[in-house]
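Below is one structure; the comments refer to it alone.
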Amino acid sequence: MKRKRKTQAERREETRERVLGAASRVFARRGFHATSLEAVAEEAGFSRGAVHYNFADKEQLFLELLDRRCAERAQDIREVFATGGDDIAATSEQAQLAAQQALDAMAGDTEWRALYLEFLAHAARDPQFRRAFARRTNDMRAALEEVVVERTRLVDDALPMAPEQLAVLIDALGVGLWAHHMLHGSRAVPPDLFSHGVALIVDGIASRAGATSQIGGAA
């Protein structure tokens with residue numbers, strides 16, 4: 001059977017995917033500043049012109065990798081909370097699963113770990129990139145905020161902070177535990193530590209909500 005020829009759009013998409021995969025590996029090995037389009041082209045098996053045709057510069061490559069990862073994480077969060085119920089027990093289980101997946105994704109992928117550190121380092125030095133980085137991570141955290149706002153709507157009085165701030169707290173806890181795991185390993189940060197921490201937060205909110213309800217009923 002004669003194979004169907006790929007369209008120009010399909011060939012270009014295939015090229016972009018190979019270039020992005022190569023860029024991820026080279027950025028992780030060399031860092032942002034030591035990486036060149038020539039090095040990415042060599043890793044991908046293309047000419048520099050083929051890389052430049054798809055990406056204007058290495059920063060565009062860098063941001064495309066970040067875009068994809070943030071979109072994947074946002075989708076993961078939404079999928080976890082889309083299954084099961086929305087009561088306290090279900091929310092606690094879903095939150096623990098989402099936390100487990102997040103820490104596993106960061107701690108288990110050494111290439112992404114190195115790449116994320118490069119994002120942070122470049123953002124610290126370059127204000128323009130910092131703003132672009134912040135916009136993309138804000139989009140990812142928006143998925144978490146959606147869940148927190150939705151699941152806390154009935155217990156707003158029990159929250160010691162705005163739901164959006166709670167989302168920031170959970171996000172920062174995950175990043176901090178991942179960084180601690182990178183430095184100190186699984187003995188200091190076991191795989192289930194983040195999920196246990198999130199469970200404490202959810203259960204604590206539930207307890208505060210129950211206490212507030214009892215006080216209101218007594219009044």
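Below, the figures for the structure above:
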{"quantity": "Relative contact order [Cα under 8 Å, 6+ residues apart], the chain, whole percent", "calculated": "23"}
{"quantity": "Calculated [θ] (222 nm, deg cm²/dmol) that DSSP helices of n ≥ 4 give over the chain, each run adding -39,500 (n - 2.57)", "calculated": "-28000 deg cm²/dmol"}
{"quantity": "Relative contact order for the range 1-55, counting Cα pairs under 8 Å that sit 6 or more residues apart, in percent", "calculated": "31"}
{"quantity": "Crossing angle, helix 88-108 versus the chain [Cα axis fit, 0-90 degrees, rounded to tens]", "calculated": "30"}
{"quantity": "Nearest 10 degrees, 0 to 90: helix 193-218 Cα axis against the chain principal axis", "calculated": "30"}
{"quantity": "Rounded to 10°, Cα long-axis angle of helix 163-188 versus longest principal axis of the chain", "calculated": "70"}
{"quantity": "Residue order, fewest to most surrounding Cβ atoms within 10 angstrom, among 177, 169", "calculated": "169, 177"}
{"quantity": "Kirkwood hydrodynamic radius over Cα pairs of the range 1-55, then Stokes diffusion coefficient at 4 °C and 1.567 mPa s, in µm²/s", "calculated": "109"}
{"quantity": "The range 161-192 and the range 99-129: distance between their alpha carbon centers, rounded to Å", "calculated": "13"}
{"quantity": "Burial order of peptide ranges 62-74, 79-91 (average beta-carbon count within 10 Å, highest first)", "calculated": "62-74, 79-91"}
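We did not get these values from a lab; they are worked out from the coordinates using the rules stated. The structure presented is a predicted model; accordingly, all values stated were derived computationally and were not measured. Note that we place each Cβ from the backbone using ideal geometry, even for glycine, and neighbour counts take in every protein chain shown.
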